[in-house]
Amino acid sequence: MRATRAIFLAVAMGVFATSSARADEAAAEADPPKDPQAARLTAAKDTLKWNYVPAGKTERYGHAEALVNAPADVVAKSVTDFARYKDIHRKFATSRVINKEGDSTDVYMRYPVKFGPVKIEFFEVMRFSGIRRAGTSYVLEGTAIRGDMKSGHTVIRVKPVDATHAILECEILLVPRVFIPQSAVDQELRNGAGDYVSGLRDRINAAAPPPDATVSSR
């Protein structure tokens, strides 16, 4: 009798342990660890923007990032829709493709820029290389080749978060030919990056299905 009870208890404990392990595995799959960047953007409920000097650079860039309710590949496709940049960025007066050769695309942009009390309308031709993969992210890079700026550079990144969310980042450098205080340049750069990220996010979100309440990373 005691032997039978002991066997029953051993079997019951084994079944319980197996069920608990499976339940823990299912819970882990349903609620994987949150991506810190996605969690920060979810808490902010808006685009985050600032200025900084990227690694390996000497100039101050404007940086902005936002959470988008769409898969990374959908967002990546949208960042190369150059003809619609005017609709995305509220300051662009003109944006059009003027040349395409291989993976490179030349985009003519005309836009008013306000540096403190001074408002100037600039034009620039940015040459964008083909979008590339960097790990799990998509990267699009552009360099100014002609226009009113001494130099210009932009990097757009799309980072997957989960099956229905991605993080969109934009970094912008514009160096005017005329002297303008760095504080005024910083403000315009971060606002310009912010306008682009917010505009593209809003456009994609408007066409996307309602997002899940939980945003997490695998």
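The values are calculated or read from the model by the stated rules, or taken from the named source; none is laboratory data. Note that the coordinates shown come from a computational prediction; the quantities given were computed from them, not determined experimentally. So basically every Cβ, Gly included, is an ideal-geometry build from the backbone, and we count neighbours across all protein chains shown.
Here are some notes:
- Residue identified as touching a Pro at 6+ places or on another chain (Cβ under 6 Å) and either surrounded by fewer than 16 Cβ atoms within 10 Å (Cβ to Cβ) or touching a residue at least 24 places away in the same chain (Cβ under 8 Å) (or both) among Ala166, Ala76: Ala166
So that you can scan it fast, the table gives a plain yes or no per residue for (1) at pLDDT 95 or above; (2) in the same structural domain as Tyr61 (by TED's automatic domain parsing); (3) not in a strand (DSSP E or B):
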| site | (1), (2), (3) |
| --- | --- |
| Glu121 | no, yes, no |
| Arg127 | yes, yes, no |
| Val139 | yes, yes, no |
| Ile156 | yes, yes, no |
| Val178 | no, yes, yes |
| Val197 | yes, yes, yes |
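- Top-ranked residue in the stretch 98-119 [being modelled with pLDDT of 80 or more and among the charged types (D, E, K, R); ranked as surrounded by the fewest Cβ atoms within 10 Å (Cβ to Cβ)]: Glu101
- Residue, surrounded by the fewest Cβ atoms within 10 Å (Cβ to Cβ), within the stretch 81-97, restricted to residues that are hydrophobic (A, V, I, L, M, F, W, C) and more than 17 Å from Leu140 (Cα to Cα): Ala93
- Looking only at residues of the stretch 123-154 that are aliphatic (A, V, I, L, M) and free of Cβ contacts under 8 Å to residues at least 24 places away in the same chain, we find that the one that is farthest from Val75 (Cα to Cα) is Ala134.
- Within the stretch 150-163, being within 14 Å of Val125 (Cβ to Cβ) and crowded, with 18+ Cβ neighbours inside 10 Å holds for Gly152, His153, Thr154.
- Of the residues Glu171, Glu124, the single one that is within 17 Å of Pro54 (Cβ to Cβ), out of contact with any helix residue (DSSP H, G or I) (no Cβ under 6 Å at 6 or more places or on another chain) and either surrounded by fewer than 21 Cβ atoms within 10 Å (Cβ to Cβ) or not polar (S, T, N, Q) (or both) is Glu171.
- Residue list for the stretch 87-114, restricted to those being touching an Asp or Glu at 6+ places or on another chain (Cβ under 6 Å) and assigned to a strand (DSSP E or B): Ile98, Asn99, Met109, Pro112, Val113
- Hey, Lys34 closer than 22 Å to Gly199 by Cβ and either surrounded by fewer than 20 Cβ atoms within 10 Å (Cβ to Cβ) or in the same structural domain as Gly130 (by TED's automatic domain parsing) (or both) or not: no
- Considering the stretch 159-210, and only residues there that are in contact with a Phe, Trp or Tyr (Cβ under 8 Å, 6 or more places away or on another chain) and β-branched (Val, Ile, Thr), the residue that is nearest to Leu67 (Cα to Cα) turns out to be Ile172.
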